[in-house]
Structure formats: C-alpha cells, structure tokens
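Heads up, the thing below is written out as structure tokens.
We did not get these values from a lab; they are worked out from the coordinates using the rules stated. No experiment lies behind these values; they were computed from the predicted model shown. Here Cβ is always computed from backbone atoms with ideal geometry, including for glycine, and neighbour counts include all displayed protein chains.
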Amino acid sequence: MDAFSRAVRLGEGVESSNLLSEEAQSRALKALRICAGKIRHHRVKDHRIVATEACRRADNGRDFVRRVNRETGLSMDIITPEEEARLAVAGCAPLIDTEAEQLLVFDIGGGSTELIWIDMSGTPSSRRENLVRALAPLGKGRRETDTARAAAAHIADWISIPMGVSTLHDRFAHIADDAQRFTSMSWHFEERLAPFGLYDAYDKAALTEKMQIIGVSGTATTFGALHLGLKTYDRSKVDGLWLPADGAADIADRLISMEQGDRAIHPGIGRGRSSLVISGSAILMTILRLWPVERIRIADRGLREGILYGLIQERRDRKAQT
C-alpha cells in the first residue's frame, strides 16, 4: 500500500565517538516523523519498529529510542544481532533458488554487516522458501512457533560484524587514495570474518558449487542499478536481479576510479551514498572473493519483509487461539 525509505546515516561518527551525533539523530527523526504520519494515515493496527547496530553500539542509543518515542510517538526496539540476521534472511525467502543446497545471505548496514549461512541440502526444494520465511522471529516477548524453531535448526552459522559502510568508512577515512583505502578495508573486513564457520568450511569448493548468495543492502541494490544503467532507481527492476560476479567486479573498479564529485552527481549513486560506496564495495567484493559464485541475487528487501512475515504469523497465532 505504501513504502518509504531514506538514508539517514544514523551511525555516522559512532566508530570514533561511541555516540549518535545530534546531526544524525535529527536526520533520523525527520524521517521517522514521516513514517509516523503514514502509520496514522493508513490506520495501521499492528506494527513493529526496530533499531540495529548504531543504537546497539552507541552509548546514547537507548536515549535516542526514548527521544523517538517522545517526539514521534513510535515505540522502537533495539534488536539483537541474531534477530537482525534472522529477519534479513526471512525477508529474502521469495528470492531463493530452490535448486540451491546452500544459501548465504549478507546484509550490509551502516554500522554492521550480517552473514547467515543456511544449509538446505536436507530440505525438499518445494519447502525451502516457506522454511526460510519461517525464520522470522516474532515480536518482543512472543513465543516462537514449532515451524520457526524447526527452521532455525537449518542455520549452519551466522555472524554479525560491527562494521558497516559508515563505520568502515570512518575507520579508514585517513587514507586519501581510493584504491589503497579499498584494499585496506577489504583485508580488514576479511580478518573479522575468521570466526564464521563458512570461512574455513571443509571442502569449500563443493559448498560453493551448490550455493546461492543473496545480497541485502543499499550497496547491493546500488550495484544492481549500476549494472542495469538505470538513470532513476526502479525497485521492480532491481529486486530479484541476478548480478554476474564479473559484472560486480567491473562496477567496483569503476567506482574506485571515479572522483568523489563524479560519484556524487552520478544518477545511480547520488550524494547520500557517494562517500560510502567504496566501503560497501570492499565488503561486497571480499564476500565474492571468498565465495566465488558465478552470480548473486540482489534483494531490495530484508528486515522490513522479515518483520512483516513475523507480524503475519502473530496474527495467525491469535486467530488460532480464539
């Protein structure tokens, strides 16, 4: 019925200060007031509002949540990294290739990056989409269904790295040359992946052969739009797009070679993402270097859709109990 998104860079500066800046909070509050108006306009009955890594990490994250409630009337939950990962995966369920036996979903945020590895080899292809959709956690304090618990058993491993496009950019902002900064960010991000089970998985080549990778994030959708040469972003064309890995590499090379000003005026990038696409590229290309599939699927969906599936399940549970 309606959709709205705005890049507010809430985690800007958190890497160095451990605080949400007044400027970042003001940008977020401006966007949240629009969301609150849409909720009232559509007379929404069930809703859930979540905050992620920026609020988890910042010393004043909970103060910001209380401020949001005072100024907009919206009640926000700061969710755990595990719940964020599960929501992102559940939201991508319709994009699953039912022939794949392994699924790797990555979600590059502003303050963190989640990677979730799901083993679907023991699940009939006809049930894989519904099984992954059932990974959506229910709201705060709600019980999980037997289906969700069964689906959770198929998560082979997951990791939440407290490093996203904003925090990675801030950490390496002292390096002026884009190519050098890209290389430094790539190796730094890979070092943080070491605890992830898929990083050192036995017979990685065999796993990758039957693996699907889904990319959830502004970075992934930006790469999709650039691959299509879109002058104006079109979700219907980007969501679900299969992006060749060599095409992603070409885009990363072009972004690195561009001047900052040229990235800012590029219709597929824009001023809001121009300073962050190098860090996003470093994360994306590190993932493709470690797990070299021929193509990845781009998802303009994730947390929002995962939350939606959870709300739908809650309503079904309530109806079943009456």
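Miscellaneous remarks
- Exposed chymotrypsin sites (Phe, Trp or Tyr not before Pro) absent - longest run of the chain, DSSP non-H/G/I/E/B, at most 10 other C-beta within 10 Å: 5-201
- Residue-averaged 222 nm ellipticity for the chain, from DSSP H runs of 4+ at -39500 (n - 2.57), nearest 500: -15000 deg cm²/dmol
- Cα shape, segment 1-115, gyration tensor, a/c 1.5 rule: oblate
- Exceeding the 30 Å Cα-Cα cut-off - candidates Lys45/Lys231; Lys30/Lys319; Lys38/Lys319; Lys45/Lys210: Lys45/Lys231; Lys30/Lys319; Lys45/Lys210
- Exposed-loop-free span, longest in the chain, where trypsin sites (Lys or Arg not before Pro) count as exposed if DSSP calls them loop and at most 11 other C-beta atoms lie within 10 Å: 46-139
- Computed over the chain, the P(r) tail beyond 37 angstrom holds 14 percent of alpha carbon pairs.
- Candidates per GluC sites (Glu not before Pro) in segment 218-322, loop by DSSP, up to 16 other Cβ within 10 Å: Glu259, Glu294
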